[in-house]
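Just below is one structure, and these are the notes that go with it.
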Amino acid sequence: MLKRLVDIILAFAGLLMLLPLFVFIALLIKLDSKGPVFYRGIRIGRYGRPFRIYKFRTMVVNAEKIGGPSTADDDPRITQIGKFIRKYKLDELPQLINVLKGEMSFVGPRPEVQHYVNMFTEEEKAILSVRPGITDWASLWNPDEGAILAGSPDPEKTYMEKIRPEKIRLQLKYVKERSFWIDLKIIFLTLKAIAIR
């Protein structure tokens, strides 16, 4: 209950404070390429329920029909302004809307597409017992998946071999050890990582 209350307060305050930045980013996106400001892809949330995630669009329209779910930094589907937005994680900011709606939390395992959720073992399905989040241990371990996938002839294979196993391990660690204080620690470490970036 406390976690949800904190999520609501912080998400509402964050959206109010960041409104001018949202408008500025939206203008840059519209000037850079045709298409909507937001990307509304389907992700799998708590208890396996699908929801539409809010992200600033950083790729060409219908990018998911052109390539796979794993995106390298050098993916040709990424727009010019999209490269900048992704570098500084600005594309993630609209997820505050998902947090306010109760579909996500500030801290929790990053929500996945159905394709990857279908691969969960029985043990890994525990990840779906909590709300997905904007940040978690896995996000801190690997803040830039795109950089690892860049230059790979098969980004999907590289993701499955080099990223997914550790990502799953850290997401399960969060689910097993989660507490209000661990959430605060993850938020602090995330803000610190953003400041350094």
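The values are calculated or read from the model by the stated rules, or taken from the named source; none is laboratory data. Just so you know, these numbers come straight off a predicted model, no measurement behind them. Don't worry about glycine lacking a Cβ; one is built from the backbone with ideal geometry, like all the others, and counts go over all protein chains shown.
What do you reckon, is Thr158 in a helix (DSSP H, G or I), surrounded by 17 or more Cβ atoms within 10 Å (Cβ to Cβ) and more than 17 Å from the chain's Cα centre (by Cα)? Answer is yes for this residue. The residues of the stretch 144-155 that are touching a Lys or Arg at 6+ places or on another chain (Cβ under 9 Å) and exposed (fewer than 15 other Cβ atoms within 10 Å of the Cβ) amount to a single one, Asp144. In the stretch 171-197, the qualifying residues are those that are among the hydroxyl-bearing types (Ser, Thr, Tyr) and surrounded by 12 or more Cβ atoms within 10 Å (Cβ to Cβ), and the one that is modelled with the lowest pLDDT is Thr190. Screening the candidates Ile194, Ile182, Ile187, Ile134 for the property of being in contact with a Ser or Thr (Cβ under 9 Å, 6 or more places away or on another chain) and in a helix (DSSP H, G or I) yields one hit, Ile187.
Looking across the stretch 125-134, the residues that are surrounded by 17 or more Cβ atoms within 10 Å (Cβ to Cβ) and of a type in the set (A, V, I, L, M) come down to Ile127, Leu128, Val130, Ile134.
State yes or no: is Asp75 crowded, with 18+ Cβ neighbours inside 10 Å, touching a residue at least 40 places away in the same chain (Cβ under 8 Å) and more than 30 Å from Ile8 (Cα to Cα)?
Taking the combined requirement at face value, the residue satisfies it.
For the residues Trp141, Trp137, the requirement of being exposed (fewer than 15 other Cβ atoms within 10 Å of the Cβ) and under 20 Å from Thr190 (Cα atoms) singles out Trp141. Out of the stretch 79-102, which residues are assigned to a helix (DSSP H, G or I), of a type outside the set (A, V, I, L, M, F, W, C) and modelled with pLDDT under 95? Within the stretch 79-102, Gln80, Gly82, Lys83, Arg86, Lys87, Asp91, Glu92 qualify. Being small (Gly, Ala, Ser), more than 30 Å from Ile163 (Cα to Cα) and at pLDDT below 90 is a property that does not hold for Ser70.
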